[in-house]
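The values are calculated or read from the model by the stated rules, or taken from the named source; none is laboratory data. Owing to the predicted nature of the structure, the values given are computational and were not obtained by experimental measurement. Here the Cβ positions follow ideal geometry from the backbone for every residue, glycine too, while neighbour counts run over all protein chains shown.
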Amino acid sequence: MAWLGRKRGDAAEEQALRHLQAQGLSPVGRNFTVRGGEIDLIMRDGELLVFVEVRYRRSARFGSAAESVDWRKQQRLLLAAGLYLQRHGGDHQGCRFDVVALAGDGTLRWIRDAFRPEG
């Protein structure tokens, strides 16, 4: 049954990607994985690099998709983003962390600048 979860995850990422492109963002990368973390989508919003976490929850019974991006998950995203920037550098004026939360009822919520690194 793990394949079913991966299939839903892929579909959620595809829906998030299409939504962000419709809002003017351009894709840079997808599923950047390092030991300890993964970035679902990497987009460009003008000169800004955007690291996007895509979350899907069939129901909010145990919390919404957005609420599932807790401090621990944020730390893993920060780690992966830091390593991405070290490896790829690039021509950007900074970065931000967004969350695209999808619910089982079909609603999509894009949270720009969902969190910031401490310090």
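Some observations on this one:
- Taking segment 61-78 as the range and being more than 19 Å from Met43 (Cβ to Cβ) and either at pLDDT 90 or above or assigned to a helix (DSSP H, G or I) (or both) as the test, the residues that pass are Glu67, Ser68, Trp71, Arg72, Gln75.
- Just so you know, in segment 1-60 the residues that are under 21 Å from Gly106 (Cβ atoms), modelled with pLDDT of 90 or more and more than 15 Å from the chain's Cα centre (by Cα) include one that is surrounded by the most Cβ atoms within 10 Å (Cβ to Cβ), and it is Gln23.
- From the options Arg112, Arg72, Arg96, Arg116, residue that is in contact with a strand residue (DSSP E or B) (Cβ under 8 Å, 6 or more places away or on another chain), more than 22 Å from Ala22 (Cα to Cα) and either among the acidic types (Asp, Glu) or surrounded by fewer than 18 Cβ atoms within 10 Å (Cβ to Cβ) (or both): Arg116
- Considering each residue of segment 31-43 in turn, none proves to be part of a strand (DSSP E or B), touching a residue at least 24 places away in the same chain (Cβ under 8 Å) and more than 15 Å from Leu77 (Cβ to Cβ).
- Within segment 88-105, residues that are more than 13 Å from Met43 (Cα to Cα) have Cβ atoms under 6 Å from residues that are among the small types (Gly, Ala, Ser) and modelled with pLDDT of 90 or more in no pair, counting only partners at least 6 apart in sequence or on another chain.
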